[in-house]
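To start, the structure under review is shown below, and the notes come after it.
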Amino acid sequence: MTAERRVRNHTLWFWIFVGPFALGLGLFTYVPLLWSVGLSFFDAHNTVTPTEFVGLDNYQAVLSDDAFTDSLRTFLVFTAFIVPATYVLSLALALMVNRVRRAQAFFRSVFFLPAACSYVVAALIWKMSIFNGVRFGLANTVLGWFGGDPIAWLSTTDPPWYWLVIVTVRLWLQAGFYMILFLAGLQRIDPGLYEAAAVDGARPGWQVLRHITLPQLRATSIAVVLLLVINAFQAFDEFYNLLSDARGYPPYARPPLVYLYYIALGQGQNLGLGSAGAVVLALIIVVVTVGQARWFGLGRREE
Amino acid sequence: MTISRRALLAAGAGVGLLTACGSNTGRGDGSGAGPKLSQWYHQYGEAGTEQAVKRYAAAYKKAEVTVQWRPGNYDQQTAAALLTESGPDVFEGGPTLDQIQGGQVVDLTDLLEGVKDDFNPAVLTPKTYDGKIWGIPQVIDMQLLYYRKSLLKDAGVEPPTTLDALVDAARKLTTKKVKGLFLGNDGGAGVLGGTPLYAAGLQLVTEDGKVGFDDPAAALALAKIYQLYADKSLLLGAPTDWSDPSAFLQGLTAMQWSGLWALPQVQKELGDDFGVLPFPKDGSGSPAVPVGAFGAAVSARSKHKEAASDFVKWLWVERADYQEDFALSYGFHIPARISLAKKADKLKTGAAAEAVRFTTDHGYAQPLLWTPASQTAYQDALSRIIKSGANPESELRTVVRKVSAELDRVKKKS
Amino acid sequence: MEDAVVRVGRALRLVLLIALALLFLIPFYLLVRNGLSSEQDITSPQWTFFPSDVRWGNVRELFADTSVPFARSLLNSALIAVATTLGTLLLASLAGYGLARIPYRHANKVFYAILGTLMVPAAVTFVPSFVLVSSLGWISTLRGLIIPTLFSAFACFVFRQYFLGFPRELEDAAQVDGLGYWRTYWLIVVPNARPVFAAVGTIVFIGAWNSFLWPLVIGQDRNAWTVQVALSSFTTSQVIKLHELFVAAAVSILPLLVVFLCFQRWIVAGVERSGID
């Protein structure tokens, strides 16, 4: 076999393995994506085959729309809550579950179980049962035991109690999944490191955590933070299921995707404006993710 | 569907699921003559409605009509489906201005020849654009204020006839366990819409297509809605929303803004212990009630536009018996035909009669030019005014600016 | 002394864990409590930990309700979730293996093109996707519900990372024995990569079972409803039946919990070796 033929052979096999996937991804992701980008340069009210080219008008409109910039701010606030909260909780759970001697499988299952719940179901429990605004809601019942007045959790904007609802529902749903990532990371740590630390007189607990465990978990931590941020950007389901009603969505706690959904898919189908907003959002995600990856020095290992 | 039908039938038959439509494609299996049409409805809450519309469809002989019952966000589903060939032929919907201007729906003017005057103008006008009719009003829905007579009496409160009186009454009726008024879990921003403006003698869009609330009276009226919220007289975060009378029936609130459709249930559970009111007037305005109607429309992408229009004419123009049945046998609506509304026994006495009177005297429908973009801008502002105590004047200034721009956009297209 | 500190610490940790576990279980408890209550019990101002009368009849009522084809929707969801999982595993693992192991000049570019789609929010491409699928005539078909969702960049990424860390010696031995890529993959790689298949499979299964927006718009015919769509139909009607809603929600997560409990140890193992970082 000549070298050239071998290369051609490899190429053939590469496409046999990757081809079907790449083809599907091209058809069902790249075609719609480019289509969306195309729409963003047109006046596309209620049509996907617009004819009126408007250049950058849609971009200008969406960037000067305070509702859209507000939604970006909402996203920032949400990220500021959810990323550290999930990180700390899932790491703490992993550390504790990893060390517990009895019923480890039980605890792991309990914390992981919510990951099987859909946002529809979780939002239902949160909205209708736990944080129900009337007196029979669980949270209000507990408040009542201490003599407090019922709080309308989702509709009070001052103080913004709805953040408590939104953050806890996602925390409950995803903490277990990230705990598993941390557990896997913990199990990869060489036990010898701990023995060496003990010999050096490091006290179990905080010192070991700071000087051995956390540095060893660095790679996992980076992955977790990255996934958390990407997922926060894509937040849609719980916001939509908790706060929307037949009449629309309140102007607070409205992350970008929810806002774009209402522009582009609502009764008023302004697909041009919606697509422009979506492109802006996607660009932000790319910049943030790539920036974060660079910052953490991710991907260098492979080069 | 490509899955084995027999397996599905076996699984489904046991629990009696196949009463609805037995076919994979949603089109009837029957060998009936004529083209196949699909007709979409949003999911009505009232029991029996779905069976009723299926019965009507089955009775039509010239085409084979299959009903689709759509849960979830209906407007968004129809908007998406209208972009494609596989959407509905006939659907209930606005239709919206953008759908009309975008050529997505068929001109139905001819269907109403000779009977146009029999349709209530309040709901026919928003289906009319450019002198043509784009949707046939099905039934009229309206909203009104329910109050518990006994609770008002105990608190020494008269049924409020002005917005100020409503604010006072709600405050006096609020106790530790019961709130004074329920305007929906969002404090009213969603359901009230333009109602307070109409009650203050203003409107959303004027006859000549200008912003109708660029007036100091608008800010004054909206500030009073904020007062309700600030007084903590409003029920918020109830398990069901304004459209469901449960909060009112369970005694969580003394007054509730809801739809006419709730009337049978309220009547059944409370007997005589309730009354109804329009939204009370403010300043020099007059009381207001919002009315609306789904219009039966035909998709321009339908492969059988003629047949679809014929079906719409048959169902919503010719078959008065079905129209009456649909309006009054399941939920509670006012027939869109004036002649039918006059005839209906159920609408001749008590609270129902009052509701009909409110509709005639004080009904307003959202103008066709009031597009979703304007609606969103206004609703956002209303929510900020009510819940965050934002300054109504400056909020409204922003809305006026956005709505003018939107009105310019849609006028440019015509 | 030191021992006592350690023991107290351990006891504290256990107490904390138990408290957290109870907290995490509350939503499940509420689901069951409300699902088996009467409407009056749910909305009663007096909180009760257990319904005054446990109504198993709610379950029967749910399946007997002709306005929502609940059994049918469960079946649809199961079919879709299984098909999606199998399809995704096949396509993504092949692609992941090709990317990790077969030398090709542009392999990296292909990989980044795949990875890049992870950053595009699905809602962004929603309308064009919908129009595309409908122009293929796939509305209300299982094809339309399944095929467009089979190409998961995330799954492909995980497989590639896993295969990069896969011991090369096994494959080299196979190559020496004259097995090509195809047979090496099926005879050597797949049998030795079970944890990652289980891990990715579980995640995909959950995602498919729980997905909402796509089935809602594609599954227009009620016979094509999935369980999430059926659930949402309980909340969107004008009159909400709380007990039915909760019992439906409880039934809807049961199959998942079973899958989950069976496969969760595999997930840990799979994640551990796939190097998601």
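Details
- Among the residues of the stretch B:288-306, those that are in contact (Cβ under 8 Å) with a residue 12 or more places away in the chain and surrounded by fewer than 21 Cβ atoms within 10 Å (Cβ to Cβ) comprise B:GLY292, B:ALA300, B:ARG301, B:LYS303, B:HIS304, B:LYS305.
- Residue in the stretch A:58-80 that is crowded, with 16+ Cβ neighbours inside 10 Å, small (Gly, Ala, Ser) and part of a loop (DSSP other than H, G, I, E, B) present: no
- Number of residues in the stretch B:88-104 that are within 8 Å of another protein chain (Cβ to nearest Cβ) and not hydroxyl-bearing (Ser, Thr, Tyr): the value is 6.
Condition check ((1) surrounded by fewer than 23 Cβ atoms within 10 Å (Cβ to Cβ); (2) hydrophobic (A, V, I, L, M, F, W, C); (3) farther than 25 Å from C:PHE263 by Cα) across all residues:
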position	(1), (2), (3)
A:ALA94	no, yes, no
A:ARG102	yes, no, no
A:ILE130	yes, yes, yes
A:THR141	yes, no, yes
A:TYR162	yes, no, yes
A:GLN174	yes, no, no
A:ARG188	yes, no, no
A:LEU193	yes, yes, yes
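- Answer residue from the stretch C:144-165, given it is surrounded by fewer than 21 Cβ atoms within 10 Å (Cβ to Cβ) and either away from chain A (no Cβ under 12 Å) or touching a Lys or Arg at 6+ places or on another chain (Cβ under 9 Å) (or both) and is modelled with the lowest pLDDT among those: C:GLY165
- The condition (being modelled with pLDDT under 80 and within 11 Å of chain A (Cβ to nearest Cβ)) is satisfied by just one residue among C:VAL124, C:VAL133: C:VAL124.
- Residues that are assigned by TED's automatic domain parsing to the domain that holds B:GLN51 number at least 1 in the following helices (runs of 4 or more DSSP H) confined to the stretch B:234-349: B:305-313, B:320-328, B:338-343.
- In the stretch A:39-57, the residues that are in a helix (DSSP H, G or I) and either out of contact with any helix residue (DSSP H, G or I) (no Cβ under 9 Å at 6 or more places or on another chain) or more than 9 Å from every other protein chain (Cβ to nearest Cβ) (or both): A:ASP57
- Among the criteria (1) modelled with pLDDT under 95; (2) surrounded by 19 or more Cβ atoms within 10 Å (Cβ to Cβ); (3) within 14 Å of chain A (Cβ to nearest Cβ); (4) more than 24 Å from A:SER129 (Cβ to Cβ), the one B:LEU252 does not fulfil is (4).
- Scanning the stretch C:58-85 for residues being of a type outside the set (Val, Ile, Thr), in a helix (DSSP H, G or I) and either within 14 Å of chain A (Cβ to nearest Cβ) or in contact (Cβ under 8 Å) with a residue 60 or more places away in the chain (or both) gives a total of 13.
Residue-by-condition table, conditions (1) surrounded by fewer than 21 Cβ atoms within 10 Å (Cβ to Cβ); (2) of a type in the set (Gly, Ala, Ser); (3) facing another protein chain (nearest Cβ under 9 Å):
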| residue | (1), (2), (3) |
| --- | --- |
| A:ALA197 | yes, yes, no |
| A:ARG210 | yes, no, no |
| A:PRO215 | yes, no, no |
| A:SER221 | yes, yes, yes |
| A:ASN231 | yes, no, no |
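- Helices (runs of 4 or more DSSP H) wholly inside the stretch B:122-227 containing at least 1 residues that are within 20 Å of B:TYR364 (Cα to Cα) and either assigned by TED's automatic domain parsing to the domain that holds B:GLN99 or modelled with pLDDT of 95 or more (or both): B:163-173, B:195-199
- B:THR206 being surrounded by fewer than 21 Cβ atoms within 10 Å (Cβ to Cβ) and β-branched (Val, Ile, Thr): yes
- The stretch B:387-398: number of residues that are in contact (Cβ under 8 Å) with a residue 60 or more places away in the chain and of a type in the set (A, V, I, L, M): 1
- Residues in the stretch A:174-215 that are over 13 Å from A:ALA94 (Cβ atoms), of a type outside the set (A, V, I, L, M) and either assigned to a helix (DSSP H, G or I) or under 25 Å from the mean Cα position of the chain (by Cα) (or both): A:GLN174, A:PRO191, A:GLY192, A:TYR194, A:GLU195, A:TRP206, A:GLN207, A:ARG210, A:HIS211, A:PRO215.
The values are calculated or read from the model by the stated rules, or taken from the named source; none is laboratory data. Here the structure is a predicted model, which is why all the values come from computation and not from measurement. Neighbour counts are summed over all protein chains in view; Cβ atoms, including those assigned to glycine, are modelled from backbone coordinates with ideal geometry.
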